[in-house]
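The values are calculated or read from the model by the stated rules, or taken from the named source; none is laboratory data. Nothing here was measured: the structure is a model prediction, and the numbers come from that model. Cβ coordinates were reconstructed from backbone atoms using ideal geometry, including for glycine residues, and neighbour counts include every protein chain displayed.
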Amino acid sequence: MGERPVTVRTLDPPLHEFLPHSAKEQAEVAAQLGITPEAVKAKVDDLYEANLTQTTCGVSRDDAGKSLPLYLARDICRVAHPFATLDQDGVGQLVEMGTRRGRSTSPDLKVGICGKHGGDPALVEFCHRVGMNDETS
């Protein structure tokens, strides 16, 4: 790799980059698998995961409907739907701490976040505030 910059993604494997996104791509995969394009789209949507959110909150997207009301009532999580926007007080603290500590040993460390939250203006502002280099969806 020499002098070229390298990005190593360890927390969020880039699975979404290999999924069929357009209706045409999904129709092609559906035809190959012998299923409906709607089934492919549903599976693609299911595979978008907020892994750091799930790990931090101890809740999966599937269980969120049952668990999150209790988490909110007990002030464990302050965001009604942490899979739609980043819980900046919880998950965000881990991201900020990881960025700060990583840069304390490697000042040129490239830090980014990737996931379904990408279009959330609050996330874009958060990423800028904590000094991240990249935010994509």
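Taking region 96-125 as the range and being within 21 Å of Cys57 (Cα to Cα) and either modelled with pLDDT of 90 or more or of a type in the set (S, T, N, Q) (or both) as the test, the residues that pass are Glu96, Met97, Gly98, Thr99. For region 48-62, the tally of residues that are closer than 20 Å to Asp134 by Cβ and modelled with pLDDT of 75 or more stands at 2. Among residues that are in contact with a His (Cβ under 9 Å, 6 or more places away or on another chain) and either surrounded by 11 or more Cβ atoms within 10 Å (Cβ to Cβ) or of a type in the set (Lys, Arg) (or both), Thr85 is included. If you check Val44, Val79, Val40 for being more than 20 Å from Leu123 (Cα to Cα) and modelled with pLDDT under 80, only one passes: Val44.
Take the residues in region 81-114 that are of a type in the set (S, T, N, Q) and assigned to a loop (DSSP other than H, G, I, E, B); name whichever of them is nearest to Lys66 (Cα to Cα). The qualifying residue nearest to Lys66 (Cα to Cα) is Thr85. Scanning region 63-76 for residues that are modelled with pLDDT of 80 or more and either part of a loop (DSSP other than H, G, I, E, B) or in contact with an Asp or Glu (Cβ under 6 Å, 6 or more places away or on another chain) (or both) returns Arg74, Asp75. Arg61 fulfils the conditions (1) farther than 24 Å from Leu19 by Cβ; (2) surrounded by fewer than 18 Cβ atoms within 10 Å (Cβ to Cβ) except for a single criterion, (1). Within region 17-28, residues that are of a type in the set (D, E, K, R) sit with their Cβ atoms under 8 Å from residues that are at pLDDT 80 or above and surrounded by 11 or more Cβ atoms within 10 Å (Cβ to Cβ), at 6+ positions apart or across chains, in these pairs: Glu28/Pro20.
Is it true that some residue in region 74-81 is at negative phi and either in contact with a Pro (Cβ under 6 Å, 6 or more places away or on another chain) or in contact (Cβ under 8 Å) with a residue 40 or more places away in the chain (or both)? So far as region 74-81 goes, no, none of its residues is at negative phi and either in contact with a Pro (Cβ under 6 Å, 6 or more places away or on another chain) or in contact (Cβ under 8 Å) with a residue 40 or more places away in the chain (or both).
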